[in-house]
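Encoded as structure tokens, the structure appears first; notes follow it.
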Amino acid sequence: MKFIQFQLFGITVLLISLVLNVQKVKADEYYTFTSTEPQDSYECLAEALYFEAAQDGDLGMYLVGKVIINRHYDTQYEFKDLNTICEVVHQPSRNPAKPWECAFSYHCDGKPEIVPDHPLEVAAMYAAEAMAYSLLNDRRSIDFTDGALYYTQPQIDRGWMLNTTITVTYLNHVFRKPKEIKFNNELEGLGYEH
């Protein structure tokens, strides 16, 4: 039985390798389109998608990518001064006493950001690059995170989470957005709008 499983695994790896060679050509052709986004935006977003969510597949990378893009366009919260995708991805810790608590844990964990030279890892990086390209060029895509600006692993519990609402949970990530401010109906007649 183990021999049959090993053979099936070997066939699967062979098929993935063949697909990767075709996918690389397609990806290289795909990236030749002109875009308004700077090249480093793609690279920073793809890097974050790979290291933060490749294990969660395309949907996981899409959801994490939407959070990064939502932060990039945020005008109300702590991300409003971040002007580029790279600034969002490389945002340092706001607490000097805890430099390891930066916005994206892979960026400040002390490990180098190197994609292992293994067919499955290379395939995951190509998928992250394709997802980054898609996210940065399709402004009409639906935001299944419902405007989330944060995501954590389910076991994480921090005080700041009290001021957020869970929008979606997917595999190893819980997505959150700030709680909406409730206006007093009496204030509406005084020129206050919401």
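Table for the structure above
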quantity: Net length gained if the chain between Leu171 and Glu43 were fully extended (0.36 nm per residue, minus Cα distance); calculated: 43.6 nm
quantity: Surface accessible to a 1.4 Å probe, per residue, for the residues of the range 55-144, Å²; calculated: 56
quantity: Formal net charge of residues neighbouring Leu162 (Cβ-Cβ distance under 11 Å; K, R +1; D, E -1); calculated: +2
quantity: Per-peptide average of other Cβ atoms within 10 Å, ordering 46-57, 82-93, 148-159, 127-138 highest first; calculated: 46-57, 127-138, 82-93, 148-159
quantity: Calculated FRET efficiency for the pair Lys179/Glu113, C-beta based, R₀ 35 Å, to 0.05; calculated: 0.55
quantity: Neighbourhood charge, 14 Å Cβ-Cβ cut-off, centred on Leu59 and excluding it, Lys, Arg +1 and Asp, Glu -1; calculated: -3
quantity: Size of the range 35-94 as Cα extents on the principal axes (Å, biggest first); calculated: 30, 26, 18
quantity: Label-point gap, in nm, between Thr84 and Ala97 - each point 7 angstrom along Cα→Cβ; calculated: 3.3
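The values are calculated or read from the model by the stated rules, or taken from the named source; none is laboratory data. Predicted model only: the values in this text are computed from it and were never measured. Reconstructed Cβ throughout: ideal geometry from the backbone, glycine too, with neighbour counts over all protein chains shown. SASA here: full protein model, heavy atoms, side chains in, ligands and nucleic acids out. Shrake-Rupley method; radii C 1.70, N 1.55, O 1.52, S 1.80 Å.
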